[in-house]
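Comments concern the structure below.
Every number in this text was worked out from the coordinates using simple rules, so none of it is lab data. Source: prediction; values computed, not measured. Neighbour counts run over all protein chains shown; Cβ positions are idealised from the backbone, glycine included.
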Amino acid sequence: MKLRKEGRERPDLFIEKKTIWEGSSRSQEVAAMPKVGDKFKSLITGAAYVVKKIEGEMVLLEEENGKSQILTEPGNLKLFYDKERRKYPRFNAYWPIQYNQIGSSISHEGRVTNLSEGGMLIQSPGQMETGQHLKSKLSFILGSEINTIEMQAEVVWKDIYLKEAWRDYRCGAKFLEISTSDKTKLNNLLMTLPQ
């Protein structure tokens, strides 16, 4: 079955994506049609985009830094982009972290690649499970001092990060417990990082 529109044939894949937005049996998977100003993050590259324009069946996304634009169908947003739902802004980082599952003495190492007041993105050779509680120690340099922040966090999502010749696991973790002094250190660190 093919759909004809403006004289062009389009494969069934696009019909399925279109019907998702019009209330098919799969409509529960999609909350609503995107709106101008909605923010999305690419699941492939990690780049952040803003919906700039919606015209007919097409959505124009612009990278937050303004360097590139993508024209796509709304159904692709569900497949390739994650709608921004964060309470706190994320900041780019690249700091070492040591962590272990609460109740385990086995320590693992990884990198925090983005950070906020409420959580962090950890890249690591070791796989973590959603719902796992971690005791973590983030190390960073601020000014001329080496600092650490200790916190307990919960893994809320995970995936595999593929980059050229290596494969890491990534997980998003939300902070569950952090001392007042470490929270102050975290806020001071965030003020120095690019968003």
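Points to keep in mind about this one:
- Sorting 34-41, 115-122, 187-194 by their mean Cβ neighbour count within 10 Å, with the most densely packed peptide first, gives 115-122, 34-41, 187-194.
- Sorting the segments 123-129, 95-101, 146-152 by their mean number of nearby beta carbons within 10 angstrom, highest to lowest, gives 95-101, 146-152, 123-129.
- Summing Lys and Arg as +1 and Asp and Glu as -1 over all other residues whose Cβ lies under 15 Å from the Cβ of Ile106 gives a net charge of 0.
- Quotient of C-alpha Rg and 2.2 N^0.38 Å, computed over the stretch 87-190: 1.02
- Order of Leu176, Leu61 under a 10 Å beta carbon neighbour criterion, fewest first: Leu176, Leu61
- A simple spin-label model places the labels of Met191 and Trp157 3.0 nm from each other, with each point 7 Å out along Cα-to-Cβ.
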